[in-house]
């Protein structure tokens, strides 16, 4: 496992390399999606990265409209898309649809998952769901200061090993950990860090069997898609967006036209 | 090739369907459970809580106080009252500054300047007396209270107190078929209904959100408070000796606001049982941990946001209204201006509701902004009753410095105590301002709900004014 | 005009408007209801009934059709003739058989009916007693496109809230699954997969007993004229007639069948418990929300604070405090004994 993101003396982690671009987002090299549960400080991370001042309230579900911003880091230009905060990606609400369609069809180069360190188990629910869809992700373990106050200790290295993605402890309100986060984003975006994302195994035999037989059929139609298990599961849940994508053949090209117009 | 693909897609979907029948009804449950199982395994390996007992759980301690049976509601009322009091008390001063700058100083300068360059009278009338003045009015009335009210709300939100208000108030709103968070969007409506409508986004259940949107207009917004206060001090404060006038008229205004809350709940109840049959379909309310608010940053962002909002609203909505008001008062057909035609024609009808033609016209042309209702009413009253020596000319909105002068103008226009009461009721119960209507459409994306939100209150307003008037006339002779 | 007469006129206008627009009982909704009871509705109802007979392998003739639709035999005969003219049914001996066109027509109505029931159950608070009747009206109004759109919004359901499979848009329907409760023997365990919603009086009684699809049952005793079984710790006795309205899926082994569950709403402040599951009666959005919040078997919940008015209560679930209303908490089964306080 790579621990490069812990290297504090590396030149990449110097603040001077970060140029906040606000809403100027032309000619981007990488697209970053920002996902997370409501009220985990996702917007604060967004503001720290882009220099924008999106309102960040202590109120679950505050970021209802999507926000986009940009920054430049080590001469690469990044566009950040702040997805609506959701508890899950499995339900039928519009917010969740926007988030899951963006991660699947928008194909961001890196999905940064912001998690609340004081409620890791609850947040892992969403983390694991996202890792089913994408294999390029970074976990930003936010609110480490609050966790410390509550005597919660998290073994980040084991967590990173279990999830198969970089895990960066942070306290976004104090601007701590942001440089390390940038480093990890860059490593995953550039392909220097290869994620080996955790995939759910503990499903019932019946379900596994159903997924397998569906994946078999899907493989013939859409060869080369990395997340066929997820596609199969969505079809079994009757997700209309996914059914349309299969029907129109758009799944094969992963064309961005399926993403709702306001994303 | 294309044909083959089509068959294959159908095959996939039909296989999926067969599998779904096989998997039974609990699929979603088992999927979610398996994910949590994974999460719990990982959490057990990586999270350690040292010594849970030793740390003091401050959040719980605060929660026990702010949600306690005895202290919960008093604390809430105290904090909300404090926010309103600060807003009302502190907004007057900057409002006065802006008004004296934009209206008393800049307006004459612009007029003189226009005359000096040789503008025709109608052009300077439309642009300066119409457009400029209404923008200036909206900015001076609206900006200070907005810039004070909303940052305070935001601070309470950042601290984490607002979810507790929703938590405490939920049982009341549940009985009305609504969501506890409606308590908050309603409170925000006291600042600005458009902002209140946007705030309903925190309500994550569609039906309850719609209820909150439709009923937000029953919260008396900042643009309507000055009308209420002025009319209450003239007609209701005037009923008692001057010693008690202040308290009695303040009581009347609060009474109207409380009546608004009452209507809000009743209408929520009726909606949830008729058109929107369905209760909180997915109620849950996370109580986040308390966090120290970042005061400076909040004040800064909030101030910028609100200023931009008010300016946008003034230019987009109030400016055309200003032009319209001026034109209506200055275009003549025969002897009379358009305004007088309308006033004379609608007067008998308006009398049924205890109002008059001036009020009806003012509410029609001032739909864009409630805060120009009083200046428009005064201007139209002067035109229609032909009082000499007051006002600034046809189509020029104005306000008078002293309440006694205002009263003289209104009484000359035929106003009575009943007219005053009805105006207060009508100011509470009429269509939302056009900014709010526009916001409702943007939030609901539905013409139907926008129409209902617009016409429901005005129908209620007419009905209530009608019955008040007729009962009054029956009893008070 | 005097205020008195104006007041009178005002009151009359208000009463008149209320009389027209009052939901469900007003003139407007009565008129809509009357307009709905047309020939088309009766034809579709008859077709649906005949399809149901075929699906269940019962033979249905003229009189059963008349009885089911509450119309005279003459009228029923006219309707059946009309269906034959339309090429939807064919006579066979004393009964009728659906043609292919008839079958696909019937399946479409059934699909719309069950989708609408599922929609009502998941997305509205309409009482379970009202679903069936509401869907009986809606099935004749809703266009195929509108029904498909609703189906897409609620996740293309394959089962209705009674546990019946919903036919696909293409007209597929799985074979009748499961066995009758009355066919189980002592010691058998099963999960209720379906409760027949017709006739209504039997359905309502079964609902009143708290039975619903998804519930596990354990047969305690079968003797002449009655079946005794345990469902969620309650002992229930039914006659074979009532039992035959219940379809069950046989289970190899039964878990928790004999435990009477406690409900989260009974947890006192400061107490802890382990979640056993969510009642199948909690559906749709509400259920998904609870699952997303971490209400899954094995989760430990602590009742932490009561709101100033007593309801909702804030529960500590996986590190977060979540306010849940009493009614929802009443859907969550818990076990207090596993967790030592």
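The values are calculated or read from the model by the stated rules, or taken from the named source; none is laboratory data. No experiment lies behind these values; they were computed from the predicted model shown. So basically every Cβ, Gly included, is an ideal-geometry build from the backbone, and we count neighbours across all protein chains shown.
Tabulated results
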item	result
Boolean, residue C:49 is surrounded by 15 or more Cβ atoms within 10 Å (Cβ to Cβ) and in a helix (DSSP H, G or I)	yes
Which listed residue, of C:161, C:157, is at pLDDT 85 or above, touching a helix residue (DSSP H, G or I) at 6+ places or on another chain (Cβ under 6 Å) and in a loop (DSSP other than H, G, I, E, B)	C:157
Condition met for residue B:231 (buried (at least 24 other Cβ atoms within 10 Å of the Cβ), modelled with pLDDT of 90 or more and not assigned by TED's automatic domain parsing to the domain that holds residue B:259)	yes
Test set (1) modelled with pLDDT of 90 or more; (2) more than 23 Å from residue C:311 (Cα to Cα); (3) part of a helix (DSSP H, G or I) - residue B:144 fails condition number	(1)
Total residues in the range A:214-236, condition more than 19 Å from residue C:156 (Cα to Cα) and at the interface with chain B (Cβ under 9 Å from one of its Cβ atoms)	4
Restricting the range B:41-61 to residues that are more than 9 Å from chain A (Cβ to nearest Cβ) and assigned to a loop (DSSP other than H, G, I, E, B), the residue that is modelled with the lowest pLDDT	B:53
In the range C:282-297, residue surrounded by the fewest Cβ atoms within 10 Å (Cβ to Cβ) [restricted to those that are in a loop (DSSP other than H, G, I, E, B) and either facing another protein chain (nearest Cβ under 7 Å) or at pLDDT below 90 (or both)]	C:297
Residue list for the range B:439-469, restricted to those being in a helix (DSSP H, G or I) and without any contact (Cβ under 8 Å) to a residue 24 or more places away in the chain	B:441, B:442, B:447, B:448, B:450, B:451, B:454, B:459, B:463, B:467
Any hit, the range A:60-81, residues being assigned to a loop (DSSP other than H, G, I, E, B), closer than 22 Å to residue A:177 by Cβ and at pLDDT below 85	yes
Residue ID - farthest from residue C:192 (Cα to Cα), chosen from residues in the range C:307-320 that are facing chain B (nearest Cβ under 9 Å) and buried (at least 22 other Cβ atoms within 10 Å of the Cβ)	C:308
Residue within the range B:357-368 that is surrounded by fewer than 17 Cβ atoms within 10 Å (Cβ to Cβ), without any contact (Cβ under 8 Å) to a residue 60 or more places away in the chain and under 25 Å from the mean Cα position of the chain (by Cα) present	yes
Total residues in the range B:374-391, condition in contact (Cβ under 8 Å) with a residue 12 or more places away in the chain, surrounded by fewer than 23 Cβ atoms within 10 Å (Cβ to Cβ) and farther than 17 Å from residue B:347 by Cα	3
Residue within the range A:88-100 that is on the phi < 0 side of the Ramachandran plot, within 10 Å of the chain's Cα centre (by Cα), assigned to a loop (DSSP other than H, G, I, E, B) and at pLDDT 85 or above present	no
Scan of the range C:98-132 for residues that are touching a residue at least 12 places away in the same chain (Cβ under 8 Å), outside any helix (DSSP H, G or I) and crowded, with 18+ Cβ neighbours inside 10 Å, ordered by number	C:98
Condition met for residue C:152 (at pLDDT 85 or above and within 14 Å of chain A (Cβ to nearest Cβ))	yes
Residues (assigned to a helix (DSSP H, G or I) and exposed (fewer than 14 other Cβ atoms within 10 Å of the Cβ)) located in the range B:102-121	B:104, B:105, B:108, B:109, B:112, B:113, B:115, B:116, B:117, B:121
Of residues in the range A:129-160 being under 16 Å from the mean Cα position of the chain (by Cα) and under 22 Å from residue C:316 (Cβ atoms), the one farthest from the other protein chains (Cβ to nearest Cβ)	A:142
Subset of the range A:105-117 (residues that are assigned to a helix (DSSP H, G or I) and surrounded by fewer than 24 Cβ atoms within 10 Å (Cβ to Cβ))	A:105
Qualifying residues in the range B:73-101 (those that are within 14 Å of chain C (Cβ to nearest Cβ) and exposed (fewer than 13 other Cβ atoms within 10 Å of the Cβ)) - the one nearest to residue B:180 (Cα to Cα)	B:77
